[in-house]
Structure formats: C-alpha cells, structure tokens
1. Given the rule -39500 (n - 2.57) for each run of at least 4 DSSP H residues, summed and divided by the residues of chain B, what is its mean residue ellipticity at 222 nm, to the nearest 500 deg cm²/dmol?
2. Could you state the angle between the C-alpha long axis of helix A:20-31 and the longest principal axis of the C-alpha atoms of chain A, as a value from 0 to 90 degrees rounded to the nearest 10?
3. Output needed for the stretch B:12-88: three equivalent-ellipsoid semi-axes, defined as square roots of 5 times the C-alpha gyration tensor eigenvalues, in descending order, whole Å.
4. Could you order A:F16, A:F134, A:F160, B:F78 by accessible surface area, starting with the largest, using a probe radius of 1.4 Å?
5. Mind listing the phi-derived Karplus ³J(HN,Hα) values for the stretch B:53-63, rounded to whole Hz, using 6.51, -1.76 and 1.60 with θ = phi - 60°, and x for any glycine or proline?
6. Expressed as an acute angle from 0 to 90° and rounded to the nearest 10, what is the orientation of the C-alpha long axis of helix A:121-148 relative to the principal long axis of chain A?
7. Could you size up the charge dipole of the stretch B:40-110 around its Cα centre, putting +1 on the beta carbon of Lys and Arg and -1 on that of Asp and Glu, and report it in debye to the nearest 20?
8. Expressed as a rounded percentage, what relative contact order does the stretch A:74-178 have, with Cα pairs under 8 Å and six or more residues apart?
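The values are calculated or read from the model by the stated rules, or taken from the named source; none is laboratory data. Because the structure is a prediction, the values reported are computed rather than measured. So basically every Cβ, Gly included, is an ideal-geometry build from the backbone, and we count neighbours across all protein chains shown. We work out accessible area using only protein heavy atoms, side chains counted, and drop any ligands, DNA or RNA first. Shrake-Rupley method; radii C 1.70, N 1.55, O 1.52, S 1.80 Å.
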Amino acid sequence: MTSLQSSIGTWLLDRFCGEPAIAGDLLQEYRRGRSTLWYWREVVCAVCAYSASTIWEHKWLTARAIATGYLFSFVIIRMVMRDIVHPWWNGIAPPALYPCLAYVPWLLNGWLIGRLHRPYSTAMVSAYAVWLIFRSIGPVYAAAADALAGVQGSAFLWEFSSRLSTVLVMVCGGMLCAYRDQMIAAKRSGISAGPIGRMSVA
Amino acid sequence: MTTKDQVGKLELMVLLALLRVGHDAYGVPIAQEIREIGGKVSIGSVYAALDRLERKRYVSSALGDPSPERGGRAKKYFQITAKGMREVQESQRMLTSLWRNLAVLKGELA
C-alpha cells in the first residue's frame, strides 16, 4: 500500500468517524503484516459503522437532513437552474459547458446539509446520499431495461453516470464542510492538520 | 434504567471483551477478543460501540502516547466504569433468568 493510499484512508476515517485512534489502530495493524485488502475493508466498515450508528441515534435529524436536501434540490436545482439559469446559459455560452455549472448547486447542497447538521455533518450527508441512490434505482433500472431492449443504449450510460457523479459531488460538498469544521476545531485546540489526514501536535 | 441506557448485543460483547482484556484495552485487542470467541466484528464497529458506551458513561477513556508506527496517532485506552460494571451484572442476571429452564434450548421439544 502506498503512502497516498494510507493518507486517503486516514483522511476518510477522520472525516467520517472523527476518532483519530481508529486510523492509528488500522495503520498499526497494517504495518504488522495485514494486507491492503484488509485495510480498505476495515476503512469501509468503520465509515459505514459510524455513519449507521449516528443515523440510527439521530433519526429526526436524519429526516431533517433529507428534507433539507430535497427542498434545496427542488427549489434551486429543479426550479432556478432548470427553468431560469439553463435557458439563460444557452443564450450566452456553449450548451456543452452547462453540465459543469449544473454540478455547482449539488456541491452547495452537500455543503448546506453538512453546515446545518453539525457535528454530525458527514453522517447526515451520507444519509442524503443513500436517499439519492435509493431514488435513482427506478430511473436507472428503466434506462437499463431500455438499453437491454435495444432502445437508446447510450441513455443508460448517461443516466447512470450523471446520477453517480451527482451523488459524488454532493458528498464532496459535505466532506468539504466537515473538513473546514475540523480545521477550525484543530486550530482552536492547538493541533495543526496537514494537507490530507496528517495531524500533528503543534 | 431508561431505554436509551440499555446495551445492545455488540455493546455487551464489547463490555465483556473489555473486562477480559483488562489493562491496555484499546480497539485492536478488544476486537481480537471478540473474534477469538467466533464473533465477526471490525475495528470500526468496536469503536462505534465504545463511542456509544462512553456517552452512556459505561466506559471511560484515556489517550496514550502517539507512536510513528501508528502514523503519529495515540492509542485510546478504555476502562469500564462502576456504572458499566453494574450494567454488565444486571444484563447477566436478566439473561440468565430468561435462559433458565427454557425447554426449547435444552432440546426437549426437538
């Protein structure tokens, strides 16, 4: 495992679990002979266990996070972006560039959910991501069925990739919010945080 | 004891493993202890359970020294509190009472 891989694993654990000892335990076990596969399985398990535990303990907050995300996507993405910004954009810039702009509100959506649900921002963003994935099953399944029937094969690829990238961009927004909060908390407690997951006592 | 204070199966297993490990109990030996008796548990889920137990004040924690082997991260040592010990004893009493003279488990109805 490269140092970049372990840095990414540590970064994910710090953002999602908020418990520095887990990253230390996993690195220690890896350096004592565990495989890379074991390390990543443990990272994924830790992220899922912490997120699930937080969601289970804060059900109403989870419902509020999902409602916030839905309201934001309905008002900003469906109404403002689709009905106002998109036609305006097509008049002033190449339409092919619009998808880049369309992801910005999703980044803001993740950020907003994280910001409004501190200190459980990453778990709440994960809950909304799961909800988005759940909502995507129907359209993606319909597109896949069309592709298998020989109708609009490219529509499935577009549907799948656009929905997946939407979820990823939204999660990135939430993680950026959590990262910012942890930077502020680290500064306050006299601990400086490195670029990716490296924390050292100042 | 309120419903929020009740411990789940994993939390009870973690409390018992904590007692078995004794001093120097942190995530890795606790997870190992559970795995040795056949439990399938990840280090992350052990920490998630310990986090819940700490908030219920059934365990307390203290940080050790950071080491280079751990990427500069300190170990987090856990210890069961008096409240946690009472909870373990209460759980044992309740479960033993429920198990006692249960014909189905003795194979009498098989």
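1. Numbers: 5 runs with 58 residues, N = 110.
Mean residue ellipticity at 222 nm (helix-derived): -16000 deg cm²/dmol.
2. 80
3. Working: eigenvalues 77, 49, 22 Å².
They are 20, 16, 10 Å, listed largest first.
4. Working: A:F16 35, A:F134 145, A:F160 100, B:F78 15 Å².
Putting A:F16, A:F134, A:F160, B:F78 in descending order of accessible area: A:F134, A:F160, A:F16, B:F78.
5. Karplus values, whole Hz, x for Gly and Pro: 5, 5, 5, 7, 6, 8, 9, 10, 9, 8, 8.
6. Helix A:121-148 sits at roughly 40 degrees to that axis.
7. Numbers: 14 positive and 7 negative charges, 28 e Å.
Taking the Cα centre of the stretch B:40-110 as origin, the dipole is about 140 debye.
8. Working: 93 pairs, mean separation 40.4, N = 105.
Taking the mean separation of contacting Cα pairs over the length of the stretch A:74-178, I get 38 percent.
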